[in-house]
Each structure stands twice: as C-alpha cells, then as structure tokens.
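Contents: one structure, followed by commentary.
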Amino acid sequence: MSATVSPIDEVKTTPWAGGRSPFNVEYGKMMMWFFLLSDAFTFSSLLISYGALRFSAVTWPGADKIFQSVPGLADHGYPLVFVGIMTFILILSSVTMVLAVEAGHRMARKEVITWMILTVIGGLMFLGCQALEWNHLHGEGFWWSKIPTNVDTLKEFFEGTAASLAAQQTSAHQFANLFFTITGFHGFHVFTGVIINIIITINVLAGTYEKRGSYLMVEKVGLYWHFVDLVWVFVFTFFYLV
C-alpha cells in the first residue's frame, strides 16, 4: 500500500509556492541567532537604564565637553573626533567580515584569510582606541564610583551652572558607572570576537573548512561580529550624541 501525502505536507516547488521554509536553517547558525537575541536583551536593559537616568536627571555631563581629546595629539578641543575614528574603524572591520563571508561562499581560501586578518586588525585597533579613551578619562578623574574631586574641573563638563553641585556630582557618578560598565561590556564582546576570529583564521590557514567543503563557520562568526558592530551604533548614539 503506497503512502499518501496530505496536502499540508506536500512539497511545494512552483514559483508561487512560498519558497523555502524560514526554519530550514543550519543548527549552529540558529543557535547563534538565539544567543544574539538574548545578548540584545542584555544590552537593551543596560542602555534603557542609562536613558532612564539620563533623562530623569536635572543635569548631565555634556558629551562634547568630556570627549574632546585625541590621544597622542591633543587633550582638548576636538569634541567627538576620536570616537568618530573608533566608530569608522569598527564599521570598516564589519565590511571586511562581509567580504570574508562572501569569499567563503566562493570557496576562495586565500581571500578569506586576507579579509579575516584585516577584520582581526580592525578589532584590535578598536580595542586599542578604547583603551586610550579609558586612560584619558581616568586621567581626568572618572572611574567606577569616582569623579573629579576638583569642583571647578567637574563644572567644566556640564552645560551652564544652574544645577547645584550635589546634582552635578550625582549625575557624574551615574555617568561614570554606566559609561565604563556598558562600554566595557561591549569591549569584552569585541575582545571575544577578536579571539574567535583568530581561531577561525587559524582553521582557515590549516585548510579545515576547505576539507569540510563549507566556510559556514566564517558566516557564523560573521553574525556575531556584525551584532557587536550594530550594538556599538546604539552605544555611540546614547553616550556621544544624545
């Protein structure tokens, strides 16, 4: 007796049949999407907390007054220039990752190696820039639960002088704690991504994925790297633009 197929289980192959099932995804890639979704909730909660404190405060440190330095060139006078360079580097590393994934689809091993190495270099450059920025802010007197002790120095980071000193000190403490926590958490993700990218690059050099006949692992780590870049866009907006 031949098995019958119900209409709902019938495989649709016509041009108007709706295409492939959206759930027909490789297991590892789906698990990466689940991880990124959970991580997005974590970053969202941190940024929402920052926004709630920022817009409920009487006063808040001005980004253009705090982030004025270009380490190695100038301590003041260049608002948001250095963070703009950092952002450009990270976005450029996302482009090189896209090119690495595209080369993997074509099984172009040498191109994958080149683009992966450039992605790693971009990630390391971003981390180096972030370390310089942290070092500068620490030199200004900001750290976890720490703000400049000099009153005149502290007031320079605020727009106007209408708010009381107590309000400025409270806002400065909240800003410092959230800034170092959120950017540090993001920096940890970038560092993790760099380590993973190095491991994947070593595997590419060893011909591991060439033997498997697929560079799917490059695509998986690419998803993570693009997520890290996307999160930075929101961090950049919250801390440096708003």
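Considering only residues that are modelled with pLDDT under 85, closer than 30 Å to HIS189 by Cβ and charged (D, E, K, R), which ones fall in the stretch 14-38?
GLU26
So which residues in the stretch 24-79 are part of a helix (DSSP H, G or I), of a type in the set (A, V, I, L, M) and surrounded by 14 or more Cβ atoms within 10 Å (Cβ to Cβ)?
Selection gives MET32, LEU36, ALA40, LEU46, LEU47, LEU53, ALA63, ILE66.
Which residues, taken from the stretch 56-112, are of a type in the set (S, T, N, Q) and in contact with a Phe, Trp or Tyr (Cβ under 9 Å, 6 or more places away or on another chain)?
Result: THR59, GLN68, SER69, THR87, SER93, SER94, THR96.
Report those helices (runs of 4 or more DSSP H) wholly inside the stretch 156-242 carrying at least 2 residues which are open to solvent by less than 50 Å² (accessible area, probe 1.4 Å), over 24 Å from ILE66 (Cβ atoms) and among the hydroxyl-bearing types (Ser, Thr, Tyr).
Result: 165-205, 208-212.
Specify which of the listed residues (THR87, THR114, THR153, THR149) is under 24 Å from SER214 (Cβ atoms) and either touching a residue at least 40 places away in the same chain (Cβ under 8 Å) or of a type in the set (Ser, Thr, Tyr) (or both).
Matching residue, one of THR87, THR114, THR153, THR149: THR114.
Residues in the stretch 114-137: is at least one hydroxyl-bearing (Ser, Thr, Tyr) and either surrounded by fewer than 19 Cβ atoms within 10 Å (Cβ to Cβ) or not in a helix (DSSP H, G or I) (or both)?
Yes, the conditions are met somewhere in the stretch 114-137.
The values are calculated or read from the model by the stated rules, or taken from the named source; none is laboratory data. Keep in mind it's a predicted model, so treat the numbers as computed, not measured. All Cβ positions, even for glycine, are placed from backbone atoms using ideal geometry, and neighbour counts span all protein chains on display. For accessibility, only protein heavy atoms count, side chains too; no ligands or nucleic acids. Shrake-Rupley method; radii C 1.70, N 1.55, O 1.52, S 1.80 Å.
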